[in-house]
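The structure appears below as structure tokens.
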Amino acid sequence: MAQHNETGKQGEAEAVRYLREKGYEILSHNYRYKHAEIDLIAKKGQLLVFAEVKTRSNLNYGNPEEFVSYTKAKLVMRAAEAYIFATDWMHDVRFDIIAVTLSGSQLNVKHIEDAFC
């Protein structure tokens with residue numbers, strides 16, 4: 001498997017660990033709807049969180065969160081709408097970015113709540 005795929009998998013695993021530590025229940029990994037994918041869907045109380053995870057091994061080209069494009073955000077929102085409808089969710093929702101930086105032995109997780117809507 002390509003190195004960037006391994007980095008992404010490791011970043012998602014760190015994001016799951018982070019969210020669980022913060023009291024979130026992970027409902028789904030890599031939820032797909034047509035051409036869209038949501039990395040993580042989590043729940044905390046009556047709040048449903050759709051999280052886009054971006055992982056980088058260095059910051060040479062910018063912070064991970066800077067790589068969530070307008071197009072990607074729209075795709076995530078479209079998939080979230082399908083998930084909400086399929087599960088008949090009737091409470092609050094939020095769209096977050098979890099930016100993970102893995103550099104040598106250094107690990108940094110940055111949780112950006114309400115990143116887009």
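The values are calculated or read from the model by the stated rules, or taken from the named source; none is laboratory data. Please read these numbers as outputs of a predicted model, since none were measured by experiment. As a convention, Cβ positions derive from the backbone with ideal geometry for all residues, glycine included, and neighbour counts pool all protein chains shown.
Among the residues of segment 85-100 satisfying the criterion of being charged (D, E, K, R) and within 30 Å of Gly62 (Cα to Cα), which is surrounded by the most Cβ atoms within 10 Å (Cβ to Cβ)? Can you show your working first?
So the first thing to find is which residues in segment 85-100 are charged (D, E, K, R), and the list is 88, 92, 94, 96.
Applying the additional criterion that residues be within 30 Å of Gly62 (Cα to Cα) yields 94, 96.
Working: Arg94: 17, Asp96: 19.
Ranking the candidates gives Asp96 first.
One residue is enough: does segment 56-71 have a residue meeting the conditions assigned to a helix (DSSP H, G or I), free of Cβ contacts under 8 Å to residues at least 60 places away in the same chain and more than 18 Å from Thr7 (Cα to Cα)? Give the steps one after another, and end with the answer.
Narrowing segment 56-71 to residues assigned to a helix (DSSP H, G or I): 64-67, 70-71.
Cutting the leftovers down to free of Cβ contacts under 8 Å to residues at least 60 places away in the same chain gives us 64-67, 70-71.
Applying the additional criterion that residues be more than 18 Å from Thr7 (Cα to Cα) yields 70-71.
Yes - at least one qualifying residue is present in segment 56-71.
Of all residues in segment 101-115, which are in a loop (DSSP other than H, G, I, E, B) and surrounded by 17 or more Cβ atoms within 10 Å (Cβ to Cβ)?
Let us first name the residues in segment 101-115 that are in a loop (DSSP other than H, G, I, E, B), namely 104-105, 113-115.
Across segment 101-115, the qualifying residue is only Ala115.
Applying the selection to segment 13-30, what residues are within 12 Å of the chain's Cα centre (by Cα) and not in a helix (DSSP H, G or I)? Break it down stepwise before answering.
Initially, segment 13-30 is screened for residues within 12 Å of the chain's Cα centre (by Cα), giving 13-16, 18-19, 26, 28-30.
Correct list: Ile26, Ser28, His29, Asn30.
Quickly run through segment 54-71 and pick out the residues that are in contact with a Ser or Thr (Cβ under 7 Å, 6 or more places away or on another chain) and either modelled with pLDDT of 95 or more or not small (Gly, Ala, Ser) (or both). Talk me through it step by step, then tell me what you get.
Step one: filter segment 54-71 for residues in contact with a Ser or Thr (Cβ under 7 Å, 6 or more places away or on another chain), giving 55-59, 64.
Correct list: Thr55, Arg56, Asn58, Leu59, Pro64.
Have a look at Tyr70, Tyr24, Tyr18 and point out the one that is aromatic (Phe, Trp, Tyr) and loosely packed, with under 12 Cβ neighbours inside 10 Å. Write out each step before concluding.
Details: Tyr24 fails: loosely packed, with under 12 Cβ neighbours inside 10 Å; Tyr18 fails: loosely packed, with under 12 Cβ neighbours inside 10 Å.
Answer to the check: Tyr70.
Of the residues in segment 72-100, how many are over 14 Å from the mean Cα position of the chain (by Cα) and touching a residue at least 12 places away in the same chain (Cβ under 8 Å)?
The qualifying residues number 7.
From the list Ile98, Ile38, exactly one residue is in contact with a His (Cβ under 7 Å, 6 or more places away or on another chain) and within 24 Å of Glu6 (Cα to Cα). Which is it? Give the steps one after another, and end with the answer.
Numbers: Ile38 fails: in contact with a His (Cβ under 7 Å, 6 or more places away or on another chain).
After ruling out the rest, the residue left standing is Ile98.
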